[in-house]
Amino acid sequence: MKRDKSNSIESSFSRICLLSVTFLLLFTNALTAQVTSSIDSTKIKIGEEIKYEIQVEADTTQVVVFPEGQTFLPLEVIESYKIDTTKKDARYKLIKKYGLTQFDSGAYIIPKQKILVGEKLFFTDSLRVEVNNVEVDTSKQKLYDIKPIIEVDKRGGNWWKYLLLTLLIIGLVAFLLYWFIWRQKPLTEEEKEALLPPYDRAKLAIQKLEDSNYLENSEIKRFYSELTLIIRKFLDEKVYDHALESTTDQLIDRLNLLKDGNQFDFSNNTIKNIDTILKRADLVKFAKSTPDIELAKIDLSTVAKEVDEVKAVLPEPTEEEKLLDQQYREAQERKKKRKKILITTLISLFLLVATFVGFGIKYGFEYVKDTVIGHESKELLEGDWVKSEYGFPPIAIETPKVLKRMEAPLPPEMKDKVKIAMFGYGSLIDQFNIVVATTRINQPASKDEQEQQQEIDLSLAIEGSLQTWESNGVKNIITKNDKFVTPNGAEGLRTHGTAEFPTVIPDDFNEGSYTMLTFSNENVIQQIVLVWKKDDVYADKMIERIIDSIELQNKQPEKEQKEDE
């Protein structure tokens, strides 16, 4: 009995100790963090900044997460300051400040903010702020009418730099083509001699041979080689067109034959002198004969005299021969010009192909093709985007073009019940279409009914939009719905899929993709509709950028809202 009583006492004591330790741990955990919040003023003027401060005292091992984004609505966060951290013993004191403001007068409630300390969630107190209008003394400050809308020049981009670079490259290529191909180059000595008539060219060659040092240097073989070339070339051009490749005997036989045929009135002495010089030259070149230098000089003067004799007996060219010669020269000029054009064209094509291939390897051939030829979606993607707010409550969105106000057709019986503000770019038959619409129901339901019907309202709005599409000729609409949250935390419904959209050609359709974002806010339904052609990579990038920029803001003042207890 004593042992049982003793065990009972020990068991009771153990339970008491366990409860004490548990209570101590819970009490200690409750004291691990302290969260307070405050504002530096409860009354401000429109646009003035309020400093909202959150102080957290926590253990050094705990992670603290402060609110981020537009969690202070209806007030807007204009700046989120850095966290100020101070350490005291084994604890941290963290101070986080936010700059808040509001641009509409009224009384507003800053909602409770969530702060995560370790694994425990804390809430700050809600705070009331009054935003007052700025009073203007009209006796001192005159009031003027609102200025009319004026057009301003669009700010230019960097296109002029690319244009200048392109012009410089084209200019450099054109200069190189002109300099090396089209430029009239100065003639060399050989080219100038080639343009001379055969007689003048032969006389010039004899003069150069006479001025040379071949005989003084005992270069007899080289001397006779050039001497015979002069007379043979002259005869080849003016008398017998095979004089260069004929042997001495063949050439002399031909000259005698031409003389006997009364084609050329050569003297016997002329043919004999040519025969003697050519045979002596053959002995020098092939039999290693070495005639006297004075004899070589005599042979040079004899060739000069015989060139004159041959020229004297040559008949004057007829008008037909002169015309043929002129036509030949013109044909040669045309041939040179065609050759220059061909070379220029081939070089230009090579540079174009090389440039296309080079940029294609670096950026992709499809991108280069669209850059050269042009692509509507690519121009929109790379243009100057605009971020603006549309409707009320405002929908902040970034788009490649400013959205213009559109008229929303409504039946007469609905005009007093519903108001629609619609803005858009393009249409369903265009390459790209954006529509931003805000629908306000003038007879809102109670708060409880609105919470119950929110999903139904979104579904009805989406169904109404799809029915409007069908009435405009869109067919084979495939839909998929899922939840969507904007970057600033607004929740809505995303409807997306594919459909066949009409074109400007009757009974012709293009397959396209679409995304429809729908949100509900009290008695307001907000929609963003995006439509683009399927497999358009530039449009896909635009859609991603547009969706990432969407922010919904509720700027309706809560004048009668009370602080949460």
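The values are calculated or read from the model by the stated rules, or taken from the named source; none is laboratory data. Here the structure is a predicted model, which is why all the values come from computation and not from measurement. Heads up, the Cβs are rebuilt from the backbone with ideal geometry, glycines too, and the neighbour counts pull from every protein chain shown. These accessible areas exclude ligands, DNA and RNA; they are computed on the full protein's heavy atoms, side chains included. Shrake-Rupley method; radii C 1.70, N 1.55, O 1.52, S 1.80 Å.
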Note to self: Keeping all protein chains in the complex and leaving out DNA, RNA and ligands, what accessible area do you get for R494 with a 1.4 Å probe, in Å² to the nearest 10?
What the structure shows: 70 Å²
Margin query: Just to confirm a number: summing +1 for Lys and Arg and -1 for Asp and Glu over residues other than I547 whose beta-carbon lies under 12 angstrom from that of I547, what do you get?
Written below: -2
Next item on the list: For M406, tell me the accessible area in Å² from a 1.4 Å probe, rounded to the nearest 10.
Entry: 70 Å²
Next item on the list: Ignoring everything but the protein chains, give the 1.4 Å probe accessible area of R329 in square angstrom, nearest 10.
Entry: 130 Å²
Notebook entry, point to check: In this model, which of K378/K533; K192/K297; K203/K238 are farther than 20 Å apart at the alpha-carbon?
Noted result: K192/K297
Next item on the list: Let me know the shape class of the stretch 157-254, please: from the alpha-carbon gyration tensor, a ≥ b ≥ c as square roots of the eigenvalues, rounded when a/c is under 1.5, otherwise prolate if a/b is greater than b/c, or oblate.
Entry: prolate
Notebook entry, point to check: Using a 1.4 Å probe, what is the accessible area per residue for the stretch 469-538, in Å²?
Noted result: 47 Å²
Item checked: Average accessible surface area per residue within the stretch 161-304, 1.4 Å rolling probe, Å² -> 65 Å²
Checklist line | Long-range HN-HN contacts of K45 with modeled amide H, under 5 Å | finding: N132
Notebook entry, point to check: In sequence order, what are the phi-derived ³J(HN,Hα) couplings for the stretch 89-100 according to the Karplus relation 6.51 cos²θ - 1.76 cosθ + 1.60 with θ = phi - 60°, rounded to whole Hz, with x for glycine and proline?
Noted result: 6, 9, 10, 10, 10, 9, 10, 10, 10, 10, x, 10
Notebook entry, point to check: Using a Förster distance of 60 Å, how high is the FRET efficiency between K288 and K337, based on the Cβ-Cβ distance and rounded to 0.05?
Noted result: 0.75
Notebook entry, point to check: For the stretch 242-285, which whole percent of the accessible surface, found with a 1.4 angstrom probe, sits on carbon and sulfur atoms?
Noted result: 44 percent
Check: Quick one: with all protein chains in place, what share of the accessible area of the stretch 52-117 is carbon or sulfur, to the nearest percent (1.4 Å probe)?
Finding: 51 percent
Next item on the list: Can you sort Y328, Y81 by 1.4 Å-probe accessible area, starting with the largest?
Entry: Y328, Y81
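Mind checking the full-extension length gain between V386 and F350? Use 0.36 nm per residue of separation minus the Cα-Cα distance, one decimal, nm.
Working: separation 36, 0.36 × 36 = 12.96 nm, distance 4.10 nm.
Between V386 and F350, full extension yields an extra 8.9 nm.
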